[in-house]
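Below you'll find the structure, written out as structure tokens, and then a few comments.
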Amino acid sequence: MTQQGAQIAGATAARDAASDWQALRDSGDIQFSPLPPMKPPETPGWLKLLGEWLEALGKWLRGLFEPVGQVLGVSWSAFEKVLIALAILLVLFILWRLAQPLLDRLRNRQPPEEAEWAPDREAAVALLEDADRLAAEGRFGEAVHLLLKRSVSHIAEARPDWLLPASTAREISEFSMLSDAARHAFRVIAVRVERSLFALRDLEVDDWQAARAAYSDFALQDFGGEAA
């Protein structure tokens, strides 16, 4: 292609590009003009009113306290900061007084008490019947030991988080989560089981009756001591 031909082709391409660009601008599919400026959000009327009220209050306070500041040798700007700090303290005090009854109620509210543990009635009656059969045969030590062993088993089934593998009857008798009657029953039974094991002698009928009465008073206290 000659130099003249190249110049003609370039001029033609430039005219075509300009024509296409103008056609694109005239189509209206694309906006080329700058966007109109966004209108700032209008201030709510109540906020305007509050601002005007605060401004009027500030002027009133200045007229009231500026002479006082001049007498004290304090500029209005410093006096104004003191007044703002006092106002904040006053608001905080009012809020605290309003919230104090609620805070007192929350502080004094006690967590719901967990129902005291007691063995299942049928299990307790069955245990007493089995122990009574041993006692009727004069096997008082075995009867008392059965009360202790099966009572611990009942606790382990109902409250497994209370017991450790090494928990002793003495320790169980001091559990704060047990009722007074339950702790007394375990204490009475534990003393007699220890006596039977370490004194190397069988228990007497009085020992059995004391252990049975303590267990019955605890396990069947809501049922009038049935199976006693």
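The values are calculated or read from the model by the stated rules, or taken from the named source; none is laboratory data. This structure is a prediction, so every number in the text was calculated from the model and none was measured. All Cβ positions, even for glycine, are placed from backbone atoms using ideal geometry, and neighbour counts span all protein chains on display.
V125 is checked against (1) more than 30 Å from Y215 (Cα to Cα); (2) at pLDDT 75 or above and fails just one. What number does that condition carry?
With respect to (1) more than 30 Å from Y215 (Cα to Cα); (2) at pLDDT 75 or above, V125 is out only on (1).
Could you grab me the full set of residues in the stretch 173-221 that are modelled with pLDDT under 75 and either among the hydrophobic types (A, V, I, L, M, F, W, C) or farther than 18 Å from I155 by Cα (or both)?
M177, A199, L200, R201
Is it the case that Q70 is modelled with pLDDT of 75 or more and surrounded by 10 or more Cβ atoms within 10 Å (Cβ to Cβ)?
Considered against the rule, which asks whether it is modelled with pLDDT of 75 or more and surrounded by 10 or more Cβ atoms within 10 Å (Cβ to Cβ), Q70 comes out as no.
Does the stretch 176-210 hold any residues that are charged (D, E, K, R) and over 17 Å from A118 (Cα atoms), and which are they?
Within the stretch 176-210, R192, E194, R195, R201, D202, E204, D206, D207 qualify.
Determine whether A118 is modelled with pLDDT under 80, part of a loop (DSSP other than H, G, I, E, B) and under 15 Å from A219 (Cα atoms). Before you say what the answer is, go through the steps one by one.
Numbers: modelled with pLDDT under 80: yes; part of a loop (DSSP other than H, G, I, E, B): yes; under 15 Å from A219 (Cα atoms): yes.
It is true that A118 is modelled with pLDDT under 80, part of a loop (DSSP other than H, G, I, E, B) and under 15 Å from A219 (Cα atoms).
Is it the case that some residue within the stretch 149-161 is of a type in the set (S, T, Y), within 15 Å of L220 (Cβ to Cβ) and crowded, with 18+ Cβ neighbours inside 10 Å? Explain how you work it out, then say what you get.
Residues of the stretch 149-161 that are of a type in the set (S, T, Y), as a first pass: 151, 153.
Cutting the leftovers down to within 15 Å of L220 (Cβ to Cβ) gives us 151.
Adding the requirement that they be crowded, with 18+ Cβ neighbours inside 10 Å leaves 151.
Yes - at least one qualifying residue is present in the stretch 149-161.
State yes or no: is D207 crowded, with 17+ Cβ neighbours inside 10 Å and acidic (D, E)?
yes
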